[in-house]
Amino acid sequence: MYRIDHWIDGRTVSSTSGRTGNVYDPATGQVQGTVGFADLSEVDKAVATAKAALPAWRATNLSRRAEIMFHMRELVAANRKEIAALLTKEHGKVTSDALGEVARGLENIEFACGIPNLMKGGYSEQASAGVDVYNIRQPLGVVAGITPFNFPAMVPMWMFANALACGNTFVLKPSEKDPSASMFIAELLKQAGLPDGVFNVVHGDKVAVDRLLDHPDIAAVSFVGSTPIAKYIYETGTKNGKRVQALGGAKNHMLVLPDADLDMAADALVSAAYGSAGERCMAISVVLAVDTIADELVSKVKDRIPNVVVGPGNDPSSEMGPLISGEHRDKVAGYVAGAAGEGATVVVDGRDGAPAGGFFLKPSLIDNAKPGMKCYDDEIFGPVLTVVRVKSYEDGLKLINDNQFGNGTAIFTRDGGVARQFQFDVNVGMVGINVPIPVPVSYYSFGGWKASLFGDLHMYGPDGIQFYTRSKVVTSRWPDPRTSKVDLGFPQNR
């Protein structure tokens, strides 16, 4: 058994609240550690520390901030196996998936290394006689990140890399289910040269979250999680005068047209639906198969499922690990159990033959689903792929656009004209053309539409820089004192 506490002012600080949570090994179902839950005073201490560190960090020149990000990039790269091992240990994902998570997070640190260029403003000389106008971007202050269990290393990197590079100080509240990666990251930031107090970690539950949302010294909050919680975070944070970006849930559809390469589409579906046990907001959970090819596509997916090796994440032969908790595993299994009663067809039941002893569920395939069925309407967040048969491209597009979520989508086709029309017509924030999981590279921004995003700005990339800064416009004149006079009229540019 091990213990995880907070990271405040550059060191580990033991929790004094008396409240803790269990950290499980998802592959065995056994408790392997405990994490201290912060009370109000501990959250306040982290925020006060970040506030005290703000003036010096904000004044740190851009070259030095970039240098620290470069050091951090090298440290994460050198320690990627150690970070991945923590992800496997507490989240359960297989090693290859964990390494992929670290790699995608690392891209965001690399993007932040360009902060001297990213923070450039604009300048207009002689906007009026002897007057110059320019704009600059400045940090917000103390900002907070509240991150989910499914990407305990990558999502924090989505947030803190840009936030710190822009000159903010940061308080992270990671998921209490797999908190160790955040502590390892905090240690690496210290090794990279980040001053004490600039990055802090508090663990906990709703007590910690609510305090971050109402704390007067928190200027902005970034969140990734389910839609109901994202809506709560957004409404509560903005009510308290904070800038908020809250990324919610998803029900990502992949439309497969009759001209598509069905083998490629089937490979993509198995990879996108069952990778990371389906516990990712960009997983494909619904395939819209045009009637003429639906039987063949379902057959191809069904044939591939037995080849997916399910087992402990630290077993090199495993391709899919367990779910995060027994409670979540049972919830996901409930959708499979109830599908037939709603009129759908359970083609592959992932409850059959699942490894014993941990939070395992094998891949499931449900055919003949329709809107109104729970297996279609709800975000399942597990290894369940639902098939909806449609008559045409237009019918498939309508289902996507009518869905409450708008995170990611994909189309598989050989027709470039149809693909271009799809990206024009579809009301979804991230679109893949023959790419099942269209997660943007770090120099674009991540985020959906509709109930998948609350706030105006997406995560990381250019939107991330904009979110963590505010613009200031300066109008200056250096006149000859001999020409100075009183003028009560409204300032004119002509």
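The values are calculated or read from the model by the stated rules, or taken from the named source; none is laboratory data. Values in this document were obtained by computation on a predicted structure and should not be read as measured data. Heads up, the Cβs are rebuilt from the backbone with ideal geometry, glycines too, and the neighbour counts pull from every protein chain shown.
Regarding V35, is this residue closer than 21 Å to W7 by Cα and assigned to a strand (DSSP E or B)? First the steps, then the outcome.
Details: closer than 21 Å to W7 by Cα: yes; assigned to a strand (DSSP E or B): yes.
In short, yes.
Table: residues versus (1) assigned to a loop (DSSP other than H, G, I, E, B); (2) in contact (Cβ under 8 Å) with a residue 60 or more places away in the chain; (3) under 24 Å from the mean Cα position of the chain (by Cα); (4) over 24 Å from D44 (Cα atoms).
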residue	(1), (2), (3), (4)
D132	no, yes, no, yes
P148	yes, yes, yes, no
F151	yes, yes, yes, yes
M159	no, yes, yes, no
G167	yes, yes, yes, no
- prompt: Which one of T469, T413 is surrounded by 11 or more Cβ atoms within 10 Å (Cβ to Cβ), closer than 30 Å to G114 by Cβ and either among the hydroxyl-bearing types (S, T, Y) or touching a helix residue (DSSP H, G or I) at 6+ places or on another chain (Cβ under 6 Å) (or both)?
  reply: T469
message: Residues that are in contact with an Asp or Glu (Cβ under 7 Å, 6 or more places away or on another chain) and in a loop (DSSP other than H, G, I, E, B): does segment 395-411 have at least one?
response: no
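Kindly evaluate D425 against the criterion of being out of contact with any helix residue (DSSP H, G or I) (no Cβ under 8 Å at 6 or more places or on another chain) and either surrounded by 10 or more Cβ atoms within 10 Å (Cβ to Cβ) or closer than 27 Å to T227 by Cα (or both). I'd like the intermediate steps shown before the answer.
On the way: out of contact with any helix residue (DSSP H, G or I) (no Cβ under 8 Å at 6 or more places or on another chain): no; either surrounded by 10 or more Cβ atoms within 10 Å (Cβ to Cβ) or closer than 27 Å to T227 by Cα (or both): yes.
Here the answer is no, as D425 does not meet what is asked.
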statement: S299 meets each of (1) crowded, with 22+ Cβ neighbours inside 10 Å; (2) assigned by TED's automatic domain parsing to the domain that holds I400 with one exception, condition (1)
task: Filter segment 422-465 down to residues that are of a type outside the set (G, A, S), over 16 Å from N407 (Cβ atoms) and either without any contact (Cβ under 8 Å) to a residue 12 or more places away in the chain or assigned to a loop (DSSP other than H, G, I, E, B) (or both), then give me how many there are.
output: 5
query: Quick one: is A277 crowded, with 24+ Cβ neighbours inside 10 Å and in a loop (DSSP other than H, G, I, E, B)?
result: no
message: I'd like to verify a number: residues in segment 190-208 that are part of a helix (DSSP H, G or I) and either buried (at least 24 other Cβ atoms within 10 Å of the Cβ) or in contact with a Lys or Arg (Cβ under 6 Å, 6 or more places away or on another chain) (or both), how many?
response: 1
- prompt: Can you find even one residue in segment 73-82 that is modelled with pLDDT of 95 or more, of a type outside the set (K, R), part of a helix (DSSP H, G or I) and more than 28 Å from S317 (Cβ to Cβ)?
  reply: yes
